[in-house]
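The values are calculated or read from the model by the stated rules, or taken from the named source; none is laboratory data. These figures come from a predicted structure and were not determined experimentally. Heads up, the Cβs are rebuilt from the backbone with ideal geometry, glycines too, and the neighbour counts pull from every protein chain shown.
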């Protein structure tokens, strides 16, 4: 268990105290008391009594063991707390496809390529003379304590007008400085010799890195303060010890098509495609780019955090013990966990695999509803996999420890599936082509890389017609930052590409509500499947 001390003079919310002390804790709902993930154990000190909401979100045995929810607990004086699960080691994707390109000639010095995602951060230290990567580092975004998605972090800025912007900026800058220092120590490089730092990030993360007000991105008409590339001395952003080090932030297209997507589109050379190519970065937001007939159409859809293992009752990040794949055979549920550790929860690939299997064996209908247990014969191997919890049906994934998949979990995946597929269909409709006309589907990003084709097709996130056309390109945001670091031509090409991309607002798309409703249906010979053939 991880432990820490926090102190207050007056009765104060424990979540805020933990954030002040920089104690890492899950904060999925931004302290609203709805997710039940910020579990801590109060070892000593004066804490408020267990409230009604905690009794609903925590198991009786957890309450008996002293487990509390930090956001619903108040304390006074010094309090000692433990994190029941400690700090798990997360798996972060650092590599990606790299096209051939001509590098500039450098005499000496180092550069840093950075991808700042909402959830993860990846950095690479580069020898500018050779272009060789000397070291890399990755971590979970330190801003997670202020919320797990961009909207909850923007909400934090809104609710903390005096210091929210500064706190979010300091969290990421401090983390990046630690990562850069660690890479220099590991490689023996002199940090004073870092000439340039290039960053790819979504638009909100770029604003927060530079300490720019991100609130306009979360409020109508959702126009960011800036989308163009920005170049400044890294020292001004708090990122360098050498006053001559330059920081270059890649350009975005809009508030929800950020520099990470522009970088990925450039890495995949979408601007040079002569066929029909779909680029999808799957995460909390699903960003999609369609290259067709010399044009680049793009859109963003709010997939939600389900595919990252969040907003799921037994959800967790891709850490040791997370269930990452599932098979149902006969009466048996077979689990595969990260590092083959005892199951602790479901990460994104795990929940998608579960839904795929539930659909395959007929335990979930195309509408996303569990079948009734009484429709099965008692000797059917699936009979004991479904049970009633009050009036709600749920799937027993594992009995020891108990891991349950609820109807609400299925709905979360269904919403993510509907969002992504509706974005795909809307772009295809705009271009006047169909699914069968696609030559390739390129999947990018940390989470997309861990979602197998069978799960993407089996849940209907992608139609079966593209099964043999899917290509995984890895962390294309970091790769794009690397290309911009090593080539002025690539840097210009990325800016030109951002200017050429046409953003489509899904909410304004004709018949979008109908498209989204049809996209929500899981694959099972539905009318929607007829449409996308």
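Could you please let me know if residue 467 is surrounded by fewer than 22 Cβ atoms within 10 Å (Cβ to Cβ) and in contact with a helix residue (DSSP H, G or I) (Cβ under 6 Å, 6 or more places away or on another chain)? Yes: the conditions hold for residue 467. Residue 332 satisfies every condition listed in (1) touching a residue at least 24 places away in the same chain (Cβ under 8 Å); (2) surrounded by 14 or more Cβ atoms within 10 Å (Cβ to Cβ) except (2). Which of the residues belonging to region 134-151 are touching a residue at least 60 places away in the same chain (Cβ under 8 Å) and either part of a strand (DSSP E or B) or assigned by TED's automatic domain parsing to the domain that holds residue 38 (or both)? Hit for region 134-151 is 140, nothing else.
For region 382-403, a tally of residues being loosely packed, with under 15 Cβ neighbours inside 10 Å and not in a helix (DSSP H, G or I) returns 11. Among the residues making up region 355-381, those that are part of a helix (DSSP H, G or I) and over 20 Å from residue 519 (Cβ atoms) are 357, 373, 374, 375.
Within region 49-82, being crowded, with 16+ Cβ neighbours inside 10 Å and part of a loop (DSSP other than H, G, I, E, B) holds for 50, 58, 73. All conditions in (1) under 30 Å from residue 189 (Cα atoms); (2) surrounded by 21 or more Cβ atoms within 10 Å (Cβ to Cβ); (3) under 24 Å from the mean Cα position of the chain (by Cα) hold for residue 248, with the sole exception of (2).
Out of the residues in region 501-510 that are in a loop (DSSP other than H, G, I, E, B) and either within 27 Å of the chain's Cα centre (by Cα) or at positive phi (or both), state the one that is surrounded by the fewest Cβ atoms within 10 Å (Cβ to Cβ). Among them, the one singled out is 505. Exactly one residue out of 168, 128, 176 is surrounded by 21 or more Cβ atoms within 10 Å (Cβ to Cβ) and more than 20 Å from residue 237 (Cα to Cα), and it is 128.
The number of residues in region 306-323 being surrounded by fewer than 24 Cβ atoms within 10 Å (Cβ to Cβ) and not in a loop (DSSP other than H, G, I, E, B) comes to 1. Can you confirm whether residue 134 is more than 24 Å from residue 318 (Cβ to Cβ) and buried (at least 16 other Cβ atoms within 10 Å of the Cβ)? It is true that residue 134 is more than 24 Å from residue 318 (Cβ to Cβ) and buried (at least 16 other Cβ atoms within 10 Å of the Cβ). Out of 154, 126, one residue alone is in contact (Cβ under 8 Å) with a residue 12 or more places away in the chain and over 18 Å from residue 484 (Cβ atoms). It is 154. Of the residues making up region 451-500, those that are touching a strand residue (DSSP E or B) at 6+ places or on another chain (Cβ under 8 Å), assigned to a helix (DSSP H, G or I) and more than 28 Å from residue 131 (Cβ to Cβ) are 453, 456, 466, 469.
If you check 321, 286, 264 for being touching a helix residue (DSSP H, G or I) at 6+ places or on another chain (Cβ under 8 Å) and closer than 21 Å to residue 411 by Cα, only one passes: 286.
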